[in-house]
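Read through the structure below, which is laid out as structure tokens, and then see the notes.
Only the coordinates and a few stated rules stand behind these numbers; no lab work does. Treat the numbers as computed from the prediction; the structure is a model and nothing was measured. Don't worry about glycine lacking a Cβ; one is built from the backbone with ideal geometry, like all the others, and counts go over all protein chains shown.
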Amino acid sequence: MNPRLREAILMRQTREYKGLPEEYWHRQNFCWYIHDIIISIFWDCIENDKLNTKVTFKDEDHARRFNRTDNLFKWLYENGYADKADIIISKQVYYGILSDMCHFIYESLSAIEKGKIAVSLALLRKPFRDNLLYLEWLLGDPKEFIELVYKGDIDAYAIENIDAKKKKQIIKNALCLIDNKAFFSKMNEEVYYDLRYNYSAGNSLQRVWNRANHLVTTKPEIRSAEFNFVFLNEDIHIEFIDYYYRQVPHLLFYTYCLVIKLYNSLIRRVATSTSLYNNSLIVFKFIDSIREIDAIEHFNQLPKELLSFPCLDCKKVIKIEVGSKEFEGFRTGWSFSCPDCKNNINISKYVFLEDYKKHPDNQ
Ligand SMILES: [Zn+2]
């Protein structure tokens with residue numbers, strides 16, 4: 001197991017949700033779970049030089065000229081390797097934006113479990129207002145987005161300069177391409193736009209971010225009645241915690257759907273069995289976190305192999321039964337104890353079945 005991943009799990013096991021009413025612990029667990037799934041996809045990009053791109057030159061002269069040029073991207077674009085230049089830039093943007101996004105989400109989740117509600121909401125602004133839109137753009141219209149990035153046309157892609165119509169188009173394009181669409185049937189581009197960018201939309205994140213980031217504001221649609229968040233009574237404090245857990249789980253689930261789709265188009269295409277296996281488990285955890293599912297009924301409808309987890313310590317594939325102790329570990333946490341070797345089997349990671357099968361220990 002990746003040592004950083006192991007460290008993250010061990011640290012998580014000692015977490016205490018001191019500032020959080022118990023009724024939200026299950027959703028906080030899901031948020032950490034999906035955060036770790038995203039992180040595991042991110043770390044996989046780094047393994048085995050997957051972020052590198054191989055360029056095969058058409059002759060030796062091209063190879064020589066490329067090695068002598070000061071502007072690699074310009075040379076690639078002008079000499080018939082535009083597809084390679086696009087993919088190199090796309091990978092860099094994907095990696096950079098995702099890394100930055102995960103840092104903010106991690107800190108927001110850490111803050112809310114300590115009861116620091118204003119801090120946790122303020123920390124969501126950058127990942128869900130900025131980073132998420134760039135991931136959507138990179139997925140939905142990579143050619144257009146990468147061209148702007150390559151030209152350094154920041155006036156065209158700075159979030160505040162992208163008008164409402166364009167933002168909705170970017171969101172719509174991405175929503176059309178992701179898997180698990182059934183879970184986003186109520187989330188069209190209008191809903192996601194209002195939630196993330198519209199000050200005038202009732203209970204939007206944009207209004208909440210404004211309150212979390214400023215002590216007093218005078219804009220008509222968000223005018224403060226007093227110091228924002230400074231004199232919160234207990235009821236209003238709970239109201240904001242409740243708001244956090246109504247919005248963040250589905251935004252994180254949506255982020256996962258984008259991240260894995262981009263991974264497939266930029267890094268490598270995963271096998272259908274890998275996609276089916278991981279999506280089934282992640283979707284279960286998502287709908288279970290919002291309490292809209294009967295766990296036994298759900299898994300009785302799915303092939304039994306889906307509840308199988310590779311143990312990296314004893315190298316066995318552990319099949320678990322619905323309702324077992326192990327199943328409860330899977331359902332409510334991020335790991336369970338292997339019935340054979342008693343070590344922890346981490347379930348908070350994307351399992352690339354093709355890598356597991358290729359490993360010499362698993363032949
Ligand atoms: Zn084991």
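Farthest towards the positive end of the charge dipole of the chain, among the residues A63, Q206, Q301, is the Cα of A63, using unit charges on the Cβ of Lys, Arg, Asp and Glu. Panel order for L205, L148, L258, by other beta carbons found within 10 Å of each beta carbon, from fewest to most: L148, L258, L205.
Scanning residues 5 or more positions from K319 or on other chains, those with amide H under 5 Å from its amide H are F309, with H placed 1.01 Å from N in the peptide plane.
Report the GluC sites (Glu not before Pro) located in region 105-143 that are in a DSSP loop and have at most 10 other Cβ atoms inside 10 Å of their Cβ, or state none.
Answer in residue order: no site qualifies.
Charge dipole (Cα centre; +1 on Lys/Arg Cβ, -1 on Asp/Glu Cβ; no other charges) of region 59-184 amounts to roughly 480 debye.
Here region 81-131 is assigned +1 on the Cβ of each Lys and Arg and -1 on the Cβ of each Asp and Glu. Its dipole about the Cα centre then comes out at about 180 debye. Close amide H partners of K116, meaning residues 5 or more places away or on another chain with modelled amide H under 5 Å apart, do not exist here.
Along region 149-157 the Karplus relation, 6.51 cos²θ - 1.76 cosθ + 1.60 evaluated at θ = phi - 60°, assigns HN-Hα couplings of 5, 4, 6, x, 7, 5, 4, 7, 10 Hz to successive residues, with x for each Gly and Pro.
Our coupling estimate for region 270-275, obtained by passing each phi through the Karplus curve with A = 6.51, B = -1.76, C = 1.60 and θ = phi - 60°, is 7, 5, 4, 5, 5, 5 Hz, Gly and Pro reported as x. Shape of the chain from its Cα gyration tensor (a ≥ b ≥ c, root eigenvalues): rounded if a/c is under 1.5, otherwise prolate when a/b > b/c, or oblate? Oblate, since a/c reaches 1.5 and b/c is not below a/b. Simple point charges give the picture: +1 on the Cβ of Lys and Arg, -1 on the Cβ of Asp and Glu, and for the chain a dipole about the Cα centre of about 400 debye.
Residue order for E16, E190, fewest other beta carbons within 10 angstrom first, comes to E16, E190. With the helix formula -39500 (n - 2.57) applied to DSSP H stretches of n ≥ 4, the chain reaches a computed 222 nm mean residue ellipticity of -18500 deg cm²/dmol. Residue farthest toward the positive end of the dipole of the chain, with Cβ of Lys/Arg at +1 and Asp/Glu at -1: which of I178, F253, L51? Towards the positive end, the residue furthest out is L51.
This ranking places Y244, Y17 by how few other beta-carbon atoms lie within 10 Å of each, fewest first, which gives Y17, Y244.
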